[in-house]
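Computed from the coordinates by the stated procedures, all read-outs in this text should not be read as laboratory data. Worth saying up front: this structure is predicted, and the values here are computed from it rather than measured. A quick note on method: Cβ atoms are made from the backbone with ideal geometry, for glycine too, and the neighbour counts reach across all protein chains shown.
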Amino acid sequence: MGPLLLALAGLALLDSLNVLNAGVVSAVIFTSRLSRRSPIPGALSFIGGVFAVTTTFGVCTVLGLSFLTDLLDFHVTPAIRFRGELILGAVLVGLAFFPLTAQSSAPGWAMAAMRDRPWVLGPLGLAVGTGQAPTDVPYLTALAMLAALHPRPPIWPLVIVGYWAVALSPSLLILGLSMRRTVRAARIQRGIMRALTRYGPLSVRLLFLVFGVGLVADAFVNHGALW
């Protein structure tokens, strides 16, 4: 269980480099300051929407995969495991060579509506989470690892909750820094956003390459179990 948790923590850190989530929170903070309102309701509504959808998707996915494997009497053999590693590794290596764009702004209508109704960012968070969860390669990898774990510990849903607590930590950190009206806090907040925007996509591609090469190498080391 220890190695699995370390792997999941690494994937969650990879997900924490998502620029869009942190960008929306920063935009909420900026808009709230212009209107002299607290950014907490809007930012927490957005973060809560993303968190609710992604965790619910994760729990339902793991339960659905477990149900299908039990229904079909499907067992993960060493051959299936290493073939899966080989395919996933090849996909990650391929994704590493696709340029990623750092989208860091929320829709204009959402920012305009937030000035009067901060809760409207809750549905925006639900929409963003709905788009992220099914297409998030690190998250889908983590869910597949959890679904393949036998026996699965009773507290496995808390692992998914912890995953997204780590993945959303930059957004929460930016929100926390906005509560401190000091020059240092503002500088750190801007530094986090600059780092995520400048190095986030490149870091994700490098980590995809590292994870992908590692999985492919592990599959070839155990080539005897591939067939």
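So if we plug the beta-carbon distance of W156 and L202 into 1/(1 + (r/R0)^6) with R0 = 30 Å, what FRET efficiency do we get, rounded to 0.05?
0.40
Just to verify a number: FRET efficiency for I80 and T130, C-beta to C-beta distance, R0 = 25 Å, to 0.05?
Once rounded, the FRET efficiency stands at 0.25.
Which net charge results when you count Lys and Arg as +1 and Asp and Glu as -1 among the other residues whose beta-carbon is under 15 Å from that of V19?
+2
What shape does segment 152-220 have by the C-alpha gyration tensor, where a ≥ b ≥ c are the square roots of the eigenvalues, rounded means a/c under 1.5, and otherwise prolate means a/b greater than b/c and oblate the rest?
Oblate.
With the cut-off at 1.5 for a/c, could you classify segment 116-187 from its C-alpha gyration tensor as rounded, prolate or oblate?
Cα axes put segment 116-187 in the prolate bin.
Give me the one-decimal nm value for the distance between modelled label points at L172 and A185, 7 Å along each residue's Cα-to-Cβ direction.
1.7
To the nearest 20 debye, what is the magnitude of the charge dipole of segment 133-212 about its Cα centre, counting +1 on the Cβ of each Lys and Arg and -1 on the Cβ of each Asp and Glu?
580
How much length would be gained if the chain were fully extended between L72 and A9, taking 0.36 nm per residue of separation minus their Cα-Cα distance, in nm to one decimal?
So the extension gain works out to 19.6 nm.
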